[in-house]
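Visitor: Quick one: the structure is below, questions incoming.
The values are calculated or read from the model by the stated rules, or taken from the named source; none is laboratory data. Predicted, not measured: the structure shown is a model, and the values here were computed from it. Quick reminder, even Gly has a Cβ in these numbers, built from the backbone with ideal geometry, and neighbours come from all protein chains shown.
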Amino acid sequence: MRIGIDLGGTKIEIVALADDGAELLRERVPTPRGDYPATVATLAALVQAAERKVGAGGTAATVGIGIPGAESRVTGLIKNANSTWLIGQPLRRDLAAALGRPVQIANDANCFALSEATDGAAAEAAVVFGVILGTGVGGGIVVRGEAIVGANAIAGEWGHNPLPGDEPFRPACYCGRSGCVETFLSGPGLAADHRRAVGNHTAAGLAAEEIAARAAAGDPACEATLQRYEARLARALAQVINILDPEVIVLGGGLSALDRLYDRVPRLWGAQVFSDAVATRLVKNRHGDSSGVRGAAWLWPQAVPGPAKQ
């Protein structure tokens, strides 16, 4: 049995999978925000309870965790985490000690990409780039079934590259730079771009979902905002194609629900791709908001780490 955990800022989700991917258990609990010891204790209790409920045949389940950050290759401590109470903490070591077995930890975007490459929308593709278009913008790379972490544990961190192309305004990013892909292509980035375009118009305060709905209903200002978004997404993904040349790019996050992206963006990215034709496919995720937790479960190979601890 495989256990995957998605450690989010407000909720922790756990799933237990059979080796064929069949879901055996799924639960969600609130995250103990700001409390690192309570977070470790909650994670350990969830794993132990899942094993009791499902049964593991006398052996421990493998445990993989997706986090909104990364584990430093140098210190083993968590870095770049939106859940700031994890930063500087030895999460892998502490949870392994609590469970009495090794655990795997990966960035949540890597988990998303791994899930979709394993049994999702990009199954059987050799090279996959998974994109999160939500409150933030992230990316993960999977090559022949393995999530690529990189020498600095930042492989796929596409959202904090500068958006290519000429832009009249380069918004400040929380990372300390300006004009990052995330500042344009996240949900808040799309909404902010619309506010800049319409000024004091009554539609200035619309969220991304409302902008999309109004564009579909024929609102010209909202339609113009979505067309700018599509052009920017095409330019940004063209850079990924030029470097990684993936067979499939899978979109996740709230903005992945915009069906028009899958037709319009590939029509636009060809002008920026260094090739006479582009075979890369742009597809919607198969597992939705379950992809992260499923990908965490797939972090381990088939072997299990030892006797179960009850």
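Visitor: Going by the conditions given, is THR135 under 19 Å from the mean Cα position of the chain (by Cα), surrounded by fewer than 24 Cβ atoms within 10 Å (Cβ to Cβ) and over 23 Å from ASP245 (Cα atoms)? Lay out the reasoning, then the answer.
Guide: On the way: under 19 Å from the mean Cα position of the chain (by Cα): yes; surrounded by fewer than 24 Cβ atoms within 10 Å (Cβ to Cβ): yes; over 23 Å from ASP245 (Cα atoms): yes.
Here the answer is yes, as THR135 does meet what is asked.
Visitor: ALA61: free of Cβ contacts under 8 Å to residues at least 60 places away in the same chain, under 21 Å from GLU27 (Cα atoms) and not assigned by TED's automatic domain parsing to the domain that holds PHE129, yes or no? Show your work before the answer.
Guide: Working: free of Cβ contacts under 8 Å to residues at least 60 places away in the same chain: no; under 21 Å from GLU27 (Cα atoms): yes; not assigned by TED's automatic domain parsing to the domain that holds PHE129: yes.
In short, no.
Visitor: At pLDDT below 95, assigned to a loop (DSSP other than H, G, I, E, B) and farther than 25 Å from ALA155 by Cβ - does that describe any residue in segment 64-81?
Guide: No, segment 64-81 has no match at all.
Visitor: Sort out which residues of segment 253-300 are in contact with a Ser or Thr (Cβ under 6 Å, 6 or more places away or on another chain) and buried (at least 22 other Cβ atoms within 10 Å of the Cβ), and write them in order of number.
Guide: Within segment 253-300, ASN285, SER291, ARG294, GLY295, TRP298 meet the criteria.
Visitor: Also: Of all residues in segment 13-56 being acidic (Asp, Glu) and more than 13 Å from MET1 (Cα to Cα), which is nearest to the chain's Cα centre (by Cα)?
Guide: Step by step, filter segment 13-56, then rank; the result is GLU13.
Visitor: Of the conditions (1) within 19 Å of ASP19 (Cα to Cα); (2) of a type in the set (Gly, Ala, Ser); (3) surrounded by fewer than 15 Cβ atoms within 10 Å (Cβ to Cβ), GLY100 clears all except one; give me its number.
Guide: Of the numbered conditions (1) within 19 Å of ASP19 (Cα to Cα); (2) of a type in the set (Gly, Ala, Ser); (3) surrounded by fewer than 15 Cβ atoms within 10 Å (Cβ to Cβ), the odd one out for GLY100 is (1).
Visitor: Out of everything in segment 147-186 that is of a type in the set (A, V, I, L, M, F, W, C), surrounded by 15 or more Cβ atoms within 10 Å (Cβ to Cβ) and in contact with a Ser or Thr (Cβ under 7 Å, 6 or more places away or on another chain), what residue ends up being nearest to ALA234 (Cα to Cα)?
Guide: Going through the qualifying residues, I end up with CYS173.
Visitor: Return yes or no: is GLU124 in contact with a helix residue (DSSP H, G or I) (Cβ under 8 Å, 6 or more places away or on another chain), among the charged types (D, E, K, R) and either within 22 Å of ALA208 (Cα to Cα) or part of a loop (DSSP other than H, G, I, E, B) (or both)?
Guide: On the way: in contact with a helix residue (DSSP H, G or I) (Cβ under 8 Å, 6 or more places away or on another chain): no; among the charged types (D, E, K, R): yes; either within 22 Å of ALA208 (Cα to Cα) or part of a loop (DSSP other than H, G, I, E, B) (or both): yes.
Taking the combined requirement at face value, the residue does not satisfy it.
Visitor: Just checking, does segment 194-211 include any residue being of a type in the set (Gly, Ala, Ser) and either within 14 Å of LYS284 (Cβ to Cβ) or surrounded by 21 or more Cβ atoms within 10 Å (Cβ to Cβ) (or both)? Before you say what the answer is, go through the steps one by one.
Guide: Narrowing segment 194-211 to residues of a type in the set (Gly, Ala, Ser): 197, 199, 203-205, 207-208.
From the residues that got through so far, the ones that are either within 14 Å of LYS284 (Cβ to Cβ) or surrounded by 21 or more Cβ atoms within 10 Å (Cβ to Cβ) (or both) too are 208.
Scanning segment 194-211 turns up at least one residue that is of a type in the set (Gly, Ala, Ser) and either within 14 Å of LYS284 (Cβ to Cβ) or surrounded by 21 or more Cβ atoms within 10 Å (Cβ to Cβ) (or both).
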